[in-house]
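One structure is given here, and the rest of the page talks about it.
The values are calculated or read from the model by the stated rules, or taken from the named source; none is laboratory data. Computed from a predicted structure; not experimentally measured. Positions of Cβ are backbone-derived with ideal geometry, glycine not excepted, and every protein chain shown enters the neighbour counts. What goes into the accessible areas is simple: the full protein's heavy atoms, side chains included, and nothing from ligands, DNA or RNA. Shrake-Rupley method; radii C 1.70, N 1.55, O 1.52, S 1.80 Å.
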Amino acid sequence: MTPIITVSNVSKTYNTGEVETAALTDISFEIKKGEFVAIMGPSGSGKSTLMHILGALDVPTSGNYILDGENVAKLNDDQLAEIRNKKIGFVFQAFNLLPRTSALKNVMLPMMYDATPKEKRLPLAEKYLKMVGLGDRMDHTSSQLSGGQQQRVAIARALVLNPSIILADEPTGNIASSQAEEIMAIFQKLNKEGHTIIMITHEPDIAEHAKRIIHIKDGVIVKDGVEHKQRKAK
Amino acid sequence: MEYTEIIEEASRTLTLNKLRTGLAMLGIIIGIGSVIALVSLGQGSQAAVTNQIQSLGANLLTVIPGSQRGGFIQGGAGSATTLTLDDAKAISSSSQVKDVLNVSPEYSRRTQITAGSKNTNTQVIGATATYSTVHKVSIAEGAFITEGDDVRQSKVAVLGPQVVTDLFGDGTNPIGESIRISGKSFKVVGITVSKGGTGFQNQDDIIYIPLSVSMKVLFGSTNLTSIAVEAKSASLMTSAENQIGYLLLDRHKISNPTDADFSIFSQNDILNTASSVTGTFTALLSGIAAISLIVGGIGIMNIMLVTVTERTREIGLRKALGAKKKNIIAQFLIESIILTFVGGVIGMFVGILASFIISRLINLPFTISAGSIFLAIGVSGAIGILFGWYPAQKAANLQPIEALRYE
């Protein structure tokens, strides 16, 4: 299978005054379509920087990042915005739902910046909310939903434009462990259906829900493999 | 991303915080409202002044004595005693003056009037029968001064409605009653129709008595304070003015027109002066109101900057989900335009209402020009763009990573 992500010799350095800090040093890896990858590492390891680059929120200082056939490293702000809109579905640690706005409107948000015809938006949003099991809570605002439910709204939002990859940044970091299992179950189900999922986490037992785990430390990949037995979400 | 959608979204966001939205709009409401009200009141008072000056008489020329030139001391205009009754007679009878219809010699002075226990101080005009024609004075009750009154030196008086109110009270009919002017007893024979009492001179606060009585009996003067002349038509005003000028120069034996001991001005001169004065005042007041509009605009900018800071995470999220710079700019710019535009429309209605009420209270004609409505709508929209631009730019330039991390 052709890789959907090719990261080759990516480095990222931050200039803070006189000191140059290297967050990522010469990183290379590939992710194939349909994989479920966890990127693990302690805080300060560079995994957030990697997530920003994979999410087209930032560009590498050097090296290439090819996402679904497009070299993201060479794009400008507006082109990056388009890549994020069409190819990446974000799931954030803090959910990032619009306050005082219904679940349905939240899921429809990415379609505001896309060419989806107006009449198709509502059915699409309803379809994905049902898929994450919130068919009966579509009109609830985020304050009326539990953490797990809010994260499920966010997953529906990530799916709605049928992206090439789903990029989850500590998706269970802000929710109770019982609900975290639900989220993992949804990810495993989506993966089974063919979605490519990349999950950034620092919790080993969450990472073990993925098929492949990339360990990074001090800006370099220290381990990349599938040695562990994939944990099945209940 | 369609504009209807952004407008929908922006309106929804604005209604989420009604108090703040209302307060931000208030500045624009007050600004637009006061500009509209002041422009409207200015135009109203200009119309009132014009009406009033025109009500003083049609095609009217007024001759007043010029300043007295004697030695080194020069008196003010009107202080000279150079116009006589013979001058007035000459103007009406001379073959040299062809374009004149009516001539009204006048002697006016302020003095004390009493009727029973009440008294007032007002303008007493010594007038002939032609006065009412030249100055368009209409009689509500009784009759105006007649030629016979003047010849017989009858002690009769015609009162303006304001004088009637001051001396006899509202709704009374004082015809046949007697009043005392400077201590001498006069019989009231007529009341004039009100001409409206605003502006620099109250046309209703006047007492008319026969010219001969005023000059010979009351004040002992041989000179007139003015001669009012009605020209045959508006187009003959200038030639009438010239004819009168040359006749009087001749009679007063003055060869150089710059040495003239009288001056002639036409109604148009007064009209132009008065409207330029009210125009200046209107412009001045509108200018002050426009400052409040700028202050309102700064208020909008302030609120929009707060909004951008507050919604940093939302902006980050929108950018992460694919919003381009122009999408973010459009969103915030449209929010501020909605604020100022809705504020402007409300302000327009507030201004019209205020102007309507005030013009009723101070008895001015109520006028609203289409210009001021377009101004309100245009200016408020422009303020939205002008003061919303910087906050919108600031929002659009936020980096998504930093914006998402913002607490």
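For the structure I just gave you, tell me whether residue A:38 is among the small types (Gly, Ala, Ser), more than 14 Å from chain B (Cβ to nearest Cβ), more than 21 Å from residue A:15 (Cβ to Cβ) and open to solvent by less than 30 Å² (accessible area, probe 1.4 Å). Taking the combined requirement at face value, the residue satisfies it.
Give the stretch B:232-243 a look and list any residue that's touching a strand residue (DSSP E or B) at 6+ places or on another chain (Cβ under 6 Å) and either surrounded by 20 or more Cβ atoms within 10 Å (Cβ to Cβ) or not in a loop (DSSP other than H, G, I, E, B) (or both), or say none.
B:237, B:240, B:241
Here residue A:183 qualifies as among the aliphatic types (A, V, I, L, M), away from every other protein chain (no Cβ under 14 Å), touching a Ser or Thr at 6+ places or on another chain (Cβ under 7 Å) and at negative phi. Selection within the stretch A:7-35: residues that are assigned to a strand (DSSP E or B) and acidic (Asp, Glu). The member of this set that is most open to solvent (accessible area, probe 1.4 Å) is A:20.
Consider the stretch A:207-234 and keep the residues that are of a type in the set (Lys, Arg) and under 14 Å from residue A:181 (Cβ atoms). The one that is most open to solvent (accessible area, probe 1.4 Å) is A:234. Residue count for the stretch A:188-223 under the criterion of being in contact with a strand residue (DSSP E or B) (Cβ under 6 Å, 6 or more places away or on another chain) and acidic (Asp, Glu): the result is 0. Against the condition of a type in the set (Val, Ile, Thr), open to solvent by 70 Å² or more (accessible area, probe 1.4 Å) and either within 14 Å of another protein chain (Cβ to nearest Cβ) or assigned to a helix (DSSP H, G or I) (or both), how does residue B:385 come out, does it pass? Criteria met by residue B:385.
Candidates B:167, B:249, B:211: the one that is free of Cβ contacts under 8 Å to residues at least 12 places away in the same chain, surrounded by 15 or more Cβ atoms within 10 Å (Cβ to Cβ) and over 27 Å from the mean Cα position of the chain (by Cα) is B:249.
Would you pick out the residues in the stretch A:88-119 that are in a helix (DSSP H, G or I), more than 8 Å from chain B (Cβ to nearest Cβ), surrounded by 22 or more Cβ atoms within 10 Å (Cβ to Cβ) and of a type outside the set (A, V, I, L, M)? The answer is A:106, and nothing else. Would a scan of the stretch A:72-81 turn up a residue that is outside any helix (DSSP H, G or I) and within 11 Å of chain B (Cβ to nearest Cβ)? Yes; the residues of the stretch A:72-81 include at least one that is outside any helix (DSSP H, G or I) and within 11 Å of chain B (Cβ to nearest Cβ). Could you list, in sequence order, all residues of the stretch B:289-304 that are under 10 Å from residue B:27 (Cβ atoms), open to solvent by 20 Å² or more (accessible area, probe 1.4 Å) and either touching a strand residue (DSSP E or B) at 6+ places or on another chain (Cβ under 9 Å) or β-branched (Val, Ile, Thr) (or both)? Result: B:294, B:295, B:298, B:303. For residue B:353, the conditions (1) among the hydrophobic types (A, V, I, L, M, F, W, C); (2) touching a residue at least 24 places away in the same chain (Cβ under 8 Å); (3) within 29 Å of residue B:45 (Cα to Cα); (4) open to solvent by 70 Å² or more (accessible area, probe 1.4 Å) are fulfilled apart from (2).
Look at (1) of a type outside the set (Gly, Ala, Ser); (2) surrounded by 14 or more Cβ atoms within 10 Å (Cβ to Cβ); (3) farther than 25 Å from residue A:42 by Cβ; (4) in contact (Cβ under 8 Å) with a residue 12 or more places away in the chain and you find that residue A:139 fails only one, number (2). Test residue B:293 against the stated conditions and say whether it is assigned by TED's automatic domain parsing to the domain that holds residue B:46 and in contact with a helix residue (DSSP H, G or I) (Cβ under 7 Å, 6 or more places away or on another chain). Yes: the conditions hold for residue B:293. What are the residues in the stretch B:218-230 that are farther than 22 Å from residue B:113 by Cβ and at pLDDT below 90, if any? Those that are farther than 22 Å from residue B:113 by Cβ and at pLDDT below 90: B:222, B:223. Return the residues of the stretch A:55-66 that are within 14 Å of chain B (Cβ to nearest Cβ) and closer than 17 Å to residue A:4 by Cα; say none if nothing qualifies. A:55, A:56 - these are the residues of the stretch A:55-66 that are within 14 Å of chain B (Cβ to nearest Cβ) and closer than 17 Å to residue A:4 by Cα.
Figure legend. Inter-residue proximity from the stretch B:1-26: first residues over 30 Å from residue A:82 (Cα atoms), second residues open to solvent by less than 60 Å² (accessible area, probe 1.4 Å) and among the aliphatic types (A, V, I, L, M), beta-carbon distance below 7 Å, spacing 6+ or different chains. Indicated pairs: B:20/B:303; B:21/B:14; B:21/B:339; B:24/B:300; B:24/B:303; B:24/B:339; B:25/B:339; B:25/B:342.
For the stretch A:142-157, the candidate set comprises residues that are of a type outside the set (Gly, Ala, Ser) and more than 21 Å from residue A:189 (Cα to Cα); within that set, the residue that is most open to solvent (accessible area, probe 1.4 Å) is A:144. Per the conditions (1) open to solvent by 40 Å² or more (accessible area, probe 1.4 Å); (2) out of contact with any helix residue (DSSP H, G or I) (no Cβ under 6 Å at 6 or more places or on another chain); (3) not in a helix (DSSP H, G or I), the sole criterion not satisfied by residue B:203 is (1). You will find that of B:58, B:90, B:115, the residue that is closer than 20 Å to residue B:192 by Cα and either at pLDDT 85 or above or surrounded by 19 or more Cβ atoms within 10 Å (Cβ to Cβ) (or both) is B:115 and no other. So which residues in the stretch B:309-327 are open to solvent by 20 Å² or more (accessible area, probe 1.4 Å), assigned to a helix (DSSP H, G or I) and more than 7 Å from chain A (Cβ to nearest Cβ)? The answer is B:309, B:310, B:326.
The residues of the stretch A:129-160 that are within 14 Å of chain B (Cβ to nearest Cβ) and either over 15 Å from residue A:97 (Cα atoms) or not hydroxyl-bearing (Ser, Thr, Tyr) (or both), listed by number, are A:150, A:153, A:154, A:155, A:156, A:157, A:158, A:159, A:160.
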